[in-house]
Amino acid sequence: MRIFDPHVHMTSRTTDDYEAMYAAGVRAIVEPAFWLGQPRTSVGSFVDYFDALLGWERFRAAQFGIRHHATIALNPKEANDPRCTEVLDLIPRYLAKDGVVAVGEVGYDAMTPAEDEAFARQLALARDAGLPVLVHTPHRDKQAGTRRTLDVVRESGLPPEHVLVDHLNETTVAAVRDAGAWAGFSIYPDTKMDEHRMVAILREYGTERMIVNSAADWGRSDPLKTWRTGMTMLEQGFTEDDVDRVLWRNPVEFYGQSGNLVLDPVPGFVAEAPPAPATFEGSSVLRGVRA
Amino acid sequence: MVAAARAPHAGWLADALAEVRRDPRAADGVFPLAGRRVGRDPLRPGTDPAGVVHGTVDDAARAAVVLALDAAHRGDAQRLAEHLADLYREGDTAERRGVLRGLDVLTLAAGRDLPGPLVAVGRDLAADALRANDTSLVAAAVGPFAAAHLDQHTWRHAVVKLVFQGTSLDAVAALDERADDELARMARDLAAERRAAGRAVPDDLARLTAPAPAADRGPGADDPGGFVPAPTRTAETEEP
């Protein structure tokens with residue numbers, strides 16, 4: 001099973017996770033820029049975070065044979081803090097970088113005017129940069145938030161096939177599919193969506209324009225949920241080709257619209273062998289691997 | 001280094017270099033695009049499959065852009081230095097490597113006469129790269145510029161860091177010429193520490209524990225900024 005996890009916050013995960021993901025078949029990932037548990041208070045904090053997504057985290061992933069990409073945006077929660085909104089001026093610079101495959105996560109948290117402004121402005125940035133968009137749907141008032149999201153996307157003039165609307169469930173999937181956008185599902189241990197509910201949705205709606213991610217982050221989550229969903233699909237009668245479509249070809253087709261995916265194997269990485277040593281002053285990402 | 005970028009993607013790169021020579025700010029758009037246009041293959045895949053030690057095709061392309069910038073700024077070293085600092089600060093890891101490799105090319109062209117503003121900015125950028133943990137960025141900061149312009153303490157720590165991160169010391173320009181007794185002591189201590197822990201001793205440490213006699217070390221080894229890279233190393237760096 002080859003797996004492309006199109007939404008996983010690896011900054012919050014350990015090297016054990018990378019090893020387990022590689023062993024399960026994960027070869028490429030996308031890490032969307034989002035909020036951390038602690039709110040940011042300055043533009044500089046975003047700059048360091050974006051640089052880390054494109055720099056250190058990509059290096060870390062490559063040490064474990066995984067190709068790391070990112071999406072860049074001011075997230076909706078922090079769009080409400082005027083100390084943070086100036087970062088919007090810096091986002092075009094990041095959208096030109098290698099491995100930046102979309103604008104995201106954008107969308108709504110509490111559906112405020114400040115969120116409207118940041119969302120619309122970043123949809124325009126995506127249009128100017130020729131990039132697709134990853135849209136987060138809110139935890140609270142999800143159905144109204146999803147409808148409003150689709151209205152704003154329609155008004156932006158972006159082609160719907162450039163938009164992935166994420167964190168969907170049984171009550172929001174139909175509207176997104178009817179709009180012609182890609183439907184994303186975050187498989188969590190016990191909240192947004194689980195693998196059994198996911199397989200039921202795939203049975204009802206088919207596998208076209210359907211994208212499954214782990215959305216693993218600093219909360220209770222599991223970076224192997226993509227693999228578990230694939231296994232559950234096979235147990236319930238889907239074919240290997242169906243699984244490959246949902247877990248690899250669909251996300252590759254969506255993010256491939258950026259022209260900025262790198263999917264060839266990491267040069268110099270040998271599977272099943274201890275990775276090449278990379279240590280410095282005891283803060284190595286590969287600490288303990290060598291004899 | 002620069003010649004390597006010209007071969008397979010001559011069209012895009014030639015156009016980009018011409019544009020940079022006309023308008024130096026064009027480099028700001030060329031720099032992030034280089035990897036997508038010329039590829040990211042290692043320059044010496046046989047011994048360096050990841051392109052960490054000797055760099056990549058896109059490193060070489062960006063170094064060529066730095067040379068073009070040198071022409072575009074028409075000898076205004078202060079403006080060139082500020083532009084390189086911008087490209088580094090606003091760049092991702094690959095772009096930062098490109099600035100450092102470009103400084104190497106400028107150093108090889110200018111030798112001891114690299115203008116002061118470029119030496120000052122280059123030292124700042126090398127110090128930043130040497131604090132990083134990305135092996136390719138660290139390896140890009142120990143080339144001919146470092147050999148010529150880093151102070152001895154900083155340079156020794158850079159060399160030992162390469163050993164720590166498992167990058168071949170082939171990455172270091174003028175290693176034999178600059179290695180000194182203090183570096184040999186640091187290497188012996190590291191080897192002893194590894195043996196005491198029952199861990200493998202990196203082969204490269206042996207290259208550091210037996211320094212050349214002082215007479216062969218060239219002038220200014222303890223003098224910050226006083227070393228010109230040896231001609232043999234110069235030739236190697238320009239190879240594809």
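Shielding value for A:41-52 is 1, the average number of Cβ atoms from other chains within 10 Å of each residue's Cβ.
Taken as Cα centroids, the range B:139-205 and the range A:121-152 sit 50 Å apart, rounded to the nearest whole angstrom. In terms of its Cα atoms, the protein assembly as shown spans 80, 57, 43 Å along the principal axes, sorted from long to short. By its C-alpha gyration tensor, with a ≥ b ≥ c as the square roots of the eigenvalues, how is the range B:73-182 shaped: rounded for a/c under 1.5, else prolate for a/b larger than b/c, else oblate? Cα axes put the range B:73-182 in the oblate bin.
Evaluated with a Cβ-only charge set (Lys, Arg +1; Asp, Glu -1), the range A:3-256 carries a dipole of roughly 120 debye about its Cα centre, given to the nearest 20.
Computed with a 1.4 angstrom probe on protein heavy atoms, the A-B interface buries about 1900 square angstrom of accessible area in total.
What is the calculated FRET efficiency for B:Arg25 to A:Thr41, with r their C-beta to C-beta distance and R₀ = 30 Å, to the nearest 0.05?
0.40
Subtracting the Cα-Cα distance of A:Gln143 and A:Leu263 from their residue separation scaled by 0.36 nm leaves 39.7 nm. Only helices enter the 222 nm calculation for the protein assembly as shown: every DSSP H run of n ≥ 4 contributes -39,500 (n - 2.57), and dividing by all residues gives -14500 deg cm²/dmol, rounded to 500.
Toward the positive end of the charge dipole of the range A:3-256, about the Cα centre and with charges on Cβ (Lys, Arg +1; Asp, Glu -1), which of A:Pro76, A:Ile3, A:Tyr22 goes farthest? The Cα lying farthest towards the positive end belongs to A:Pro76. In chain A the Cα-Cα distances spread across 5 Å bins starting at 0 as 1, 6, 13, 17, 19, 17, 13, 8, 4, 2, 0, 0 percent of all pairs. Pairs exceeding 25 Å between alpha-carbon atoms, taken from A:Lys142/A:Lys225; A:Lys97/A:Lys225; A:Lys97/B:Lys161: A:Lys97/A:Lys225; A:Lys97/B:Lys161. Over the range A:3-256, accessible surface divided per residue gives 35 Å², non-protein components excluded, 1.4 Å probe.
Straightening the chain between A:Glu117 and A:Arg197 buys 25.4 nm, computed as 0.36 nm per residue apart minus the Cα-Cα spacing. Charge dipole (Cα centre; +1 on Lys/Arg Cβ, -1 on Asp/Glu Cβ; no other charges) of the protein assembly as shown amounts to roughly 180 debye.
The values are calculated or read from the model by the stated rules, or taken from the named source; none is laboratory data. These numbers were taken from a predicted model, which means no experiment stands behind them. We place every Cβ from the backbone using ideal geometry, glycine too, and count neighbours over all the protein chains shown. Just the protein is used for accessible areas: all its heavy atoms, side chains included, with ligands, DNA and RNA removed. Shrake-Rupley method; radii C 1.70, N 1.55, O 1.52, S 1.80 Å.
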